[in-house]
Each structure stands twice: as structure tokens, then as C-alpha cells.
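Report on the following structure.
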Amino acid sequence: FPVSAHAETIVHPADFYIGLRPDQWLGQSGEAMGFDVFTADWETNASPSKTLQAEFKRVEWERKDPPPEDTFGIPSYEPVYTLLGSSNLSTGPDGEARLSFTPEEPGTYMLDISGGGARTQILLWVTGGENAAWPSLVDDQVKLTADQEKYQPGQTALEGAPRHRAVG
């Protein structure tokens, strides 16, 4: 009997990408955090005059305990988002725009920008006078690998080697 199957997916539905760069990754509650927004086409050239929507969300981490049969017993955390505010913006002729947001409390925040089928998101961490829960997430570790077994005094590890390596 012949067997067949098919599926489809949208790899990238837009003709441009949204780049997002915060002035800092770690903020202070009650102080403004600024962001540079840049829209670029597939060849990395500026993609001007894009209408976008920015959403600022607070992220609470809901602990999920492992099932009893899990011998390692490591809990996982799932994000729960609360919309704090939104803003419409347009990039200029140079494909650039500027945003700011002032978080009132310490914790984790997400900036989610979308428009025209494109979307980008970043997580930000905010400190302050109160405690904030920042769980250890699966993808938040970097594995360091030396380029040689021993080093002499004055040598620099990974000298001439790539600055980082993907771990997967």
C-alpha cells in the first residue's frame, strides 16, 4: 500500500525582519529602559516605513513540578504573561525607531514587537527594592570549552579561537 503524507509551515511570513536592541539588559524598577528598533530586508538593508506594534509584558514564572516517576526531580517553569501596555510605532526612512518603557517593579519583562507578519521578542530583567523570581531556564547556560588542555602563565584561553560555540 502506498503511504504518503505532507505538511506545510511558514518559515518567515514577512519580507522584512525586526531587530531590537535594548540600551541595557538589566534595568532598575522606576527607571526608563530604552530600545532601538530596526527593520531590515532579507539582504540586511534598511526596510523603511514599517508600521509596528510593541507590547510590554510582565512575566511571572509558574513552577511545574516533575511527575513522581521522574527520577531527577527537576522542576520546570512556564511563563505567564500580563500585558502592561502597548504602543504603535513606525520606522523612519532609515528603518529605525526608538521606544522606552519604565517598569514599576522588579522582575522579568518581555518586549514583543510585531507587524506585517514579522515578530521579535526579548526578555529583560529588572532589579529593585523587592525580590524578583528569576528561574534557571533550560537555555540560560553557556558551556565553555578550552582550546587546549594546559596553559602557561600569561597565555589567554581560546586565543585566536572563536569567541563562543553553540551548544545543542
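Any residue at all in segment 28-48 that's exposed (fewer than 11 other Cβ atoms within 10 Å of the Cβ), of a type outside the set (S, T, N, Q) and in contact (Cβ under 8 Å) with a residue 12 or more places away in the chain? So far as segment 28-48 goes, no, none of its residues is exposed (fewer than 11 other Cβ atoms within 10 Å of the Cβ), of a type outside the set (S, T, N, Q) and in contact (Cβ under 8 Å) with a residue 12 or more places away in the chain. Check segment 125-135 and report whether any residue there is modelled with pLDDT of 65 or more and within 30 Å of Pro13 (Cα to Cα). Yes, there is a match, as at least one residue in segment 125-135 is modelled with pLDDT of 65 or more and within 30 Å of Pro13 (Cα to Cα). The single condition among (1) of a type in the set (D, E, K, R); (2) open to solvent by less than 70 Å² (accessible area, probe 1.4 Å); (3) more than 15 Å from Ile122 (Cα to Cα); (4) touching a residue at least 60 places away in the same chain (Cβ under 8 Å) that Glu104 does not meet is (2).
Taking the conditions exactly as written (farther than 19 Å from Ala118 by Cβ, open to solvent by 100 Å² or more (accessible area, probe 1.4 Å) and either of a type in the set (Lys, Arg) or modelled with pLDDT under 85 (or both)), does Glu8 satisfy them or not? Yes: the conditions hold for Glu8. Within segment 118-134, the only residue that satisfies the criterion of being among the small types (Gly, Ala, Ser) and in a strand (DSSP E or B) is Ala118. The residue that is nearest to the chain's Cα centre (by Cα), counting only those in segment 1-27 that are in contact (Cβ under 8 Å) with a residue 60 or more places away in the chain and over 19 Å from Thr91 (Cβ atoms), is Trp25. When the criteria are applied in full, Phe38 meets the requirement of being aromatic (Phe, Trp, Tyr), modelled with pLDDT of 95 or more and under 22 Å from Leu124 (Cα atoms). Scanning segment 11-27 for residues that are among the aromatic types (Phe, Trp, Tyr) and surrounded by 15 or more Cβ atoms within 10 Å (Cβ to Cβ) turns up Phe16, Tyr17. Say whether the condition of being free of Cβ contacts under 8 Å to residues at least 12 places away in the same chain, open to solvent by 70 Å² or more (accessible area, probe 1.4 Å), aromatic (Phe, Trp, Tyr) and out of contact with any Asp or Glu (no Cβ under 7 Å at 6 or more places or on another chain) is met by at least one residue in segment 57-76. Scanning segment 57-76, I find at least one residue that is free of Cβ contacts under 8 Å to residues at least 12 places away in the same chain, open to solvent by 70 Å² or more (accessible area, probe 1.4 Å), aromatic (Phe, Trp, Tyr) and out of contact with any Asp or Glu (no Cβ under 7 Å at 6 or more places or on another chain), so the answer is yes.
The values are calculated or read from the model by the stated rules, or taken from the named source; none is laboratory data. The model shown is predicted, which means the values in this text are computed figures rather than measured ones. Every residue, glycine as well, gets a Cβ built from its backbone with ideal geometry; the counts of neighbours run over all protein chains shown. These area figures cover heavy atoms from the full protein model, side chains too; ligands, DNA and RNA do not enter into them. Shrake-Rupley method; radii C 1.70, N 1.55, O 1.52, S 1.80 Å.
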